[in-house]
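S.K.: Pasting a structure here, questions to come.
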Amino acid sequence: MKITNMFNKLCVGLAMICGLSFTSCEQGLTYEEAPESYYTEVSLGSPYFYLRSRELFPNMIYGVNWKQWAPNYVYTPQISWETTMAEESSQDAPDGKLYVINVKANTKATYKTQNKGFLFVGSKFSGNYEFKNPTTTLIDGKSETTAQEVVLPVDKTQIIGELVLTNPYDCVVERVDNAPVLGQPADFSSLKARYLVKNICYRPAGVDQVTRLYEVRVTFVDQQ
């Protein structure tokens, strides 16, 4: 018990000394202001915005070497192929400027399996689909049309959008109204997709926070 009490008193004493030391050190600190280029950066990097098509394949892929079906497989290929930006006047935007991102995206997407050991099976598909480089594979005693790649129409309600910030460490992105949630499957074909980018970097006293309003407009074009 004596040893324990001595140890506890020693710990408390060290904590008090350390606390005094830290306080003393902090009193002598000076903070250097961040460069203006840091706290004013709200721009986007090329290509400004990505669109990916999300498709789920439940029990539609056969593992040839394992002779088993893959229970679930998700693939999200990029479908946007051109992005441009234009500036428009808007009373709703900071400084009266709205930055419009025009995105062109494919109406079809190519989905791939992990490798040649996993194949899409034709009898699992219906509607409008196309196999690339189809082969015939014996599955459960039956000849099936298979392929490692399949082309499908894009489900416009399952689109994942990604905003490309020039400096993602110094900015946050806020949805405006009912804009689709970035990074999650959503419908970008009809909704007005507006996002407010705010710079959260340390800035000098009296300097207003820099913000910029972006609007994403998607046009689907058949490129395949």
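The values are calculated or read from the model by the stated rules, or taken from the named source; none is laboratory data. Values in this document were obtained by computation on a predicted structure and should not be read as measured data. We place every Cβ from the backbone using ideal geometry, glycine too, and count neighbours over all the protein chains shown.
S.K.: Only one of SER89, SER46 is at pLDDT below 95, surrounded by fewer than 14 Cβ atoms within 10 Å (Cβ to Cβ) and assigned by TED's automatic domain parsing to the domain that holds GLU144. Can you tell me which? Working first, answer last.
M.R.: Numbers: SER89 fails: at pLDDT below 95.
Selected residue: SER46, the only one of SER89, SER46 that is at pLDDT below 95, surrounded by fewer than 14 Cβ atoms within 10 Å (Cβ to Cβ) and assigned by TED's automatic domain parsing to the domain that holds GLU144.
S.K.: Against the conditions (1) at pLDDT 95 or above; (2) not assigned by TED's automatic domain parsing to the domain that holds GLU87, where does SER24 fall short? Just the number, please.
M.R.: It is condition (1) that SER24 fails.
S.K.: I'd like the full set of residues that are part of a strand (DSSP E or B) and of a type in the set (A, V, I, L, M, F, W, C), limited to the stretch 107-131.
M.R.: Start the filter on the stretch 107-131 by keeping residues that are part of a strand (DSSP E or B), which leaves 108-112, 118-121, 130-131.
Matches in the stretch 107-131: ALA109, PHE118, LEU119, PHE120, VAL121, PHE131.
S.K.: Looking at (1) of a type outside the set (Gly, Ala, Ser); (2) more than 25 Å from ALA105 (Cβ to Cβ); (3) part of a strand (DSSP E or B), find the lone condition where PRO47 falls short.
M.R.: (2)
S.K.: Quick check on ARG194: is it closer than 30 Å to LEU152 by Cα and either surrounded by fewer than 18 Cβ atoms within 10 Å (Cβ to Cβ) or assigned by TED's automatic domain parsing to the domain that holds THR110 (or both)? Even if it seems obvious, please write down each step before you answer.
M.R.: On the way: closer than 30 Å to LEU152 by Cα: yes; either surrounded by fewer than 18 Cβ atoms within 10 Å (Cβ to Cβ) or assigned by TED's automatic domain parsing to the domain that holds THR110 (or both): yes.
Yes; evaluated as a whole, the condition is true for this residue.
S.K.: If GLY127 passes every condition in (1) over 18 Å from ALA70 (Cα atoms); (2) at pLDDT 95 or above but one, which one does it miss?
M.R.: (2)
S.K.: Pull up the stretch 70-97, narrow it to residues that are outside any loop (DSSP other than H, G, I, E, B) and β-branched (Val, Ile, Thr), then point me to the one that is nearest to PHE220 (Cα to Cα).
M.R.: Taking the stretch 70-97 first, the residues outside any loop (DSSP other than H, G, I, E, B) are 70, 74-75, 78, 80-89, 94-97.
Okay, now just the ones that are also β-branched (Val, Ile, Thr), so 74, 83-84.
Details: VAL74: 22, THR83: 12, THR84: 14 Å.
Among them, the one singled out is THR83.
S.K.: Let me ask you something else. Across the stretch 155-168, what is the total count of residues that are more than 28 Å from THR40 (Cβ to Cβ) and part of a strand (DSSP E or B)? Step through it out loud before you land on a result.
M.R.: So in the stretch 155-168, the residues more than 28 Å from THR40 (Cβ to Cβ) come out as 155-160.
From what's left, part of a strand (DSSP E or B): 159-160.
Number satisfying all stated conditions: 2.
S.K.: Residues GLU144, GLU215: which one is closer than 23 Å to ASN72 by Cβ and at pLDDT 95 or above?
M.R.: Details: GLU215 fails: closer than 23 Å to ASN72 by Cβ.
It is GLU144.
S.K.: Mind checking which residues of the stretch 59-83 are surrounded by 12 or more Cβ atoms within 10 Å (Cβ to Cβ) and either under 23 Å from the mean Cα position of the chain (by Cα) or not assigned by TED's automatic domain parsing to the domain that holds GLY141 (or both)?
M.R.: Within the stretch 59-83, the first condition is being surrounded by 12 or more Cβ atoms within 10 Å (Cβ to Cβ), and the residues that meet it are 59-64, 69-70, 73, 75-83.
Listed by number, the residues that qualify are TYR73, TYR75, THR76, PRO77, GLN78, ILE79, SER80, TRP81, GLU82, THR83.
S.K.: Same structure again: Please work out which one of (1) on the phi > 0 side of the Ramachandran plot; (2) modelled with pLDDT under 95 is the condition ALA205 fails and give its number.
M.R.: With respect to (1) on the phi > 0 side of the Ramachandran plot; (2) modelled with pLDDT under 95, ALA205 is out only on (1).
S.K.: Suppose we keep only residues that are surrounded by 12 or more Cβ atoms within 10 Å (Cβ to Cβ) and in a loop (DSSP other than H, G, I, E, B) within the stretch 169-182. Which one would you say is farthest from the chain's Cα centre (by Cα)?
M.R.: Ranking the candidates gives ASP170 first.
S.K.: Let me ask something additional. Please go through the stretch 99-137 and pick out each residue that is within 30 Å of TYR214 (Cβ to Cβ), hydroxyl-bearing (Ser, Thr, Tyr) and touching a Phe, Trp or Tyr at 6+ places or on another chain (Cβ under 7 Å). Show your work before the answer.
M.R.: First pass over the stretch 99-137, keeping only residues within 30 Å of TYR214 (Cβ to Cβ): 99-111.
Cutting the leftovers down to hydroxyl-bearing (Ser, Thr, Tyr) gives us 99, 107, 110-111.
Listed by number, the residues that qualify are TYR99, THR107, TYR111.
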